[in-house]
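Accompanying notes for the structure given below.
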Amino acid sequence: MRIERILLQNYRQYKKIDFNFDSSSNYDLNMIIATNGTGKTNLLNAINWCLYGEEISLSKKSKSSPIINKNAIRNSNDEESVSVKIWVTNQRKNDILFSRNTFFKIQSKENIIERNTELTVEMTNELGNTKILEGNDAEDAVERFVPENIKEFFFFDGERLDNYFKRATGENIRKATFKISQIDVLSKIEKNLDTLLKKMIKKAGKEYPDVEEAEKKLNSINLELKNIENKKRECEVQIHESKSSIDIINSKMVGSPDIDAYKEERKNLMETQTKKIESLEKKKIQKNSTILKKGKLVLLLPAIETVLDVIAEKKVNKEYPPSIDIDILDEILKKDKCSICGTFLNNESKIFVTKLHEFLISVGDDSKKLKEMEDYLKFSKIKALEIKSDLFNLTSLIEEYKDDNINLQNRINSIDQKLEGHDEKKVNNWIHELKSFEETLGRNERKIGRLESKEETLKKDCQKWENELSSRMNKRDELKEINIQKEFCTKSLYSVVSTKESIINQTREKIESRTKALFFDLIWKKHTFKDITINDNYEINVIDSDGYQSLGSLGAAERQLLALAFTLALHEVSGFNSPILIDTPVGRVSDKQRENFAITLLNTSLKKQIILLFTPSEYSNEISKVLENKSNNKFNVELSSDEMEVMIKE
């Protein structure tokens, strides 16, 4: 289908303006260029209002003002109407006119009464016969043009594409895909076959209790399976929303610290540091006390060791009195017998002991004193070494505590640097939200596991009771015909379901492939991302070069281009031939990506009508050099001098 003309009368800034989209080029690409505030977006609103009776892109201020043009209000003393008309041709070259009119009773600027609104559709066939549709018939005609629940894939604000994957769940995208690709036609056939099958079984069960029992049991199992399927869908929606929210929060938190965790760590570090400082002071006091009380002995240790070395040397040179008790020698000489070993003295021995006795008498107390001094010095050396060892251990502990405190302080300083400049409340809110979404994600993943386990058991029961039902019906001749019809209907239903699933998978794979190709055509980063995936639940993910999912960390322009790539892929694969209208298409896109955007849409316009609403700044050199001489139509729109009306600039 193709929009041939749009006529607006008394609609907001548009007193009367007529856009004719002549087809004069192989590229069915049409451009409307207008500054912000001129009413560019209101053209998008006008189309939505004409077709669906609502304006989707209005500010609160605009919604509070009347839809009727202000000049029309000023110049009217009675009744005025607002009208938007859209002429369309379909594939069979039939003309369709969508027209919505709202009538107003204008008593004053402050007193404007809306009378009634009418949607009409005029359909003219190739023979020139015209049929006028109103009410539900007119709405049905709109649904055949662009169904209301998927209009955002045809008429949309480019700036809103930035948030598309934040707003749209996989389930909504899946439904829209089925609608645009007309897979829902198979769903309707599936539903009708299922209803017919139930009627057949119910009819057979009316006369035979055992058949009725099997039918009821089968219905109960199928109902439970349906409930499980719905619950799984709910879980999948929750899982997708949780994953998307987690990605978004993680992208917001890039470079942001976990403030609560850091504060807790800092608190623990401060407590540990305080204990370490206390221990350090205690060890310092203990060391100082030891030095004060016992340090002199350690200082004398070299002198003690020197004296002991001299004594040892004197002993070797036999210059040192032997350490023998003189009383023992007196006893030996008296008994003429050794008191130690019991041996009797011979003349030689007696002479030796006598001379030794005389020598000891001659040296007197000196020998005893030297022995006592040596023993004391040895004891002092042992104590000095023990004290020295204690002081060494205390010194090592003190140094260790000092190093620990330096490391603790460095970590505290590092945390302080990480926390500096961050909005504590905001970061903590992100962290709490992240934990909540992670809990929701885990809870729903576990729930799906339980549901799938139960589903598997029920499917086995379902098969068992289906066999039982067929068996009970085959036992009665009068039910055999119904059973044959039932089995045919069951096979047909299975065939439809299998075909639908096959088409769904093929469609998803094709959309995934085209989305990936278009995205990489549009984006200038060729090495940052390596893949686009769309899973069975139509959840879209962008995989970066390291293999991580990165949808949540895409920039605004990248998200906009991804949404555009997906939308174009959906149109291309589905074959749904209604036009695309984009307001502010490249508001967030810049430089090289704008050129890629223009090339992609130009190529798309070979197969489908595209209408783009640019601001002058959007219609930059990157865009104009691609589109200027190849587009079908280009309209420059401006406000009148009194700023009350929009006009096409000649």
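The values are calculated or read from the model by the stated rules, or taken from the named source; none is laboratory data. The structure presented is a predicted model; accordingly, all values stated were derived computationally and were not measured. Ideal geometry is used to build each Cβ from the backbone, glycine not excepted, and the neighbour counts take in all protein chains shown. We work out accessible area using only protein heavy atoms, side chains counted, and drop any ligands, DNA or RNA first. Shrake-Rupley method; radii C 1.70, N 1.55, O 1.52, S 1.80 Å.
Points to keep in mind about this one:
- Condition check for Ser256: of a type in the set (Gly, Ala, Ser) and either at pLDDT 75 or above or assigned to a helix (DSSP H, G or I) (or both): no
- Scope the range 508-536; condition buried (at least 21 other Cβ atoms within 10 Å of the Cβ), over 21 Å from the mean Cα position of the chain (by Cα) and within 19 Å of Gly575 (Cα to Cα); matching residues: Ile511, Leu518
- Residue check for Arg559: within 30 Å of Gly587 (Cα to Cα), part of a helix (DSSP H, G or I), in contact (Cβ under 8 Å) with a residue 60 or more places away in the chain and of a type outside the set (A, V, I, L, M, F, W, C): yes
- Selection of the range 301-316 for residues being loosely packed, with under 13 Cβ neighbours inside 10 Å and either within 21 Å of Thr395 (Cα to Cα) or in contact with a helix residue (DSSP H, G or I) (Cβ under 6 Å, 6 or more places away or on another chain) (or both) yields only Pro302.
- Qualifying residue in the range 446-464 (condition: within 24 Å of the chain's Cα centre (by Cα) and in contact (Cβ under 8 Å) with a residue 40 or more places away in the chain): yes
- For Glu207, the conditions (1) modelled with pLDDT of 70 or more; (2) surrounded by fewer than 19 Cβ atoms within 10 Å (Cβ to Cβ) all hold with the exception of (1).
- Meets criteria (of a type outside the set (Lys, Arg) and within 30 Å of Glu558 (Cβ to Cβ)) for Ile249: yes
- Just one of the numbered conditions (1) without any contact (Cβ under 8 Å) to a residue 12 or more places away in the chain; (2) surrounded by 15 or more Cβ atoms within 10 Å (Cβ to Cβ) is not true of Ile582: (1).
- In the range 20-44, the residues that are closer than 16 Å to Phe155 by Cα reach residues that are modelled with pLDDT under 80 and open to solvent by 10 Å² or more (accessible area, probe 1.4 Å) with C-beta atoms within less than 6 angstrom, at least six apart or across chains, in these pairs: Thr41/Ser57; Leu44/Ser57.
- Members of the range 267-300 found to be at pLDDT 85 or above, open to solvent by less than 70 Å² (accessible area, probe 1.4 Å) and over 60 Å from the mean Cα position of the chain (by Cα), listed by number: Ser289, Thr290
- Scanning the range 36-43 for any residue that is at negative phi, open to solvent by 10 Å² or more (accessible area, probe 1.4 Å), at pLDDT below 90 and in contact with a strand residue (DSSP E or B) (Cβ under 6 Å, 6 or more places away or on another chain) turns up at least one such residue.
- Residues located in the range 625-650, provided they are in contact with a Leu (Cβ under 8 Å, 6 or more places away or on another chain) and open to solvent by 70 Å² or more (accessible area, probe 1.4 Å): Lys630, Met647
- Members of the range 95-130 found to be farther than 26 Å from Asp78 by Cα and surrounded by 14 or more Cβ atoms within 10 Å (Cβ to Cβ), listed by number: Asp95, Ile96, Leu97, Phe98, Val121, Glu122, Met123, Thr124
- Which listed residue, of Lys418, Lys371, Lys425, Lys447, is assigned to a helix (DSSP H, G or I), over 27 Å from Lys282 (Cβ atoms) and open to solvent by 90 Å² or more (accessible area, probe 1.4 Å): Lys425
- Total residues in the range 528-556, condition farther than 24 Å from Glu236 by Cα and part of a helix (DSSP H, G or I): 1
- Taking first residues from the range 415-435 that are more than 25 Å from Lys243 (Cβ to Cβ) and partners that are of a type in the set (Lys, Arg), the Cβ contacts under 6 Å between residues at least 6 apart in sequence or on separate chains come to Ile415/Arg266.
- If only residues of the range 529-538 that are in contact with an Asp or Glu (Cβ under 6 Å, 6 or more places away or on another chain) and at pLDDT 80 or above are counted, the one that is nearest to Glu509 (Cα to Cα) is Ile534.
- Residue in the range 377-393 that is more than 30 Å from Ile311 (Cα to Cα), buried (at least 17 other Cβ atoms within 10 Å of the Cβ) and modelled with pLDDT of 80 or more present: no
- Within the range 539-551, the set of residues being β-branched (Val, Ile, Thr) and surrounded by fewer than 22 Cβ atoms within 10 Å (Cβ to Cβ) comprises Ile543 only.
- Residue in the range 514-521 that is touching a residue at least 60 places away in the same chain (Cβ under 8 Å) and among the polar types (S, T, N, Q) present: no
- Residue-level check: of (1) open to solvent by less than 50 Å² (accessible area, probe 1.4 Å); (2) modelled with pLDDT under 75; (3) part of a helix (DSSP H, G or I); (4) of a type outside the set (A, V, I, L, M, F, W, C), Glu358 misses just (1).
- Filter result for Tyr11 (more than 39 Å from the chain's Cα centre (by Cα) and either charged (D, E, K, R) or under 26 Å from Asn149 (Cα atoms) (or both)): yes
- Residue check for Lys460: modelled with pLDDT of 85 or more, in a helix (DSSP H, G or I) and among the basic types (Lys, Arg): yes
- Being among the β-branched types (Val, Ile, Thr), within 19 Å of Lys105 (Cβ to Cβ), modelled with pLDDT under 90 and open to solvent by 20 Å² or more (accessible area, probe 1.4 Å) holds for only one residue in Ile56, Ile67, and it is Ile67.
- Scanning the range 552-571 for residues that are in contact with a helix residue (DSSP H, G or I) (Cβ under 6 Å, 6 or more places away or on another chain) and open to solvent by 20 Å² or more (accessible area, probe 1.4 Å) gives Ser553, Ala556, Arg559.
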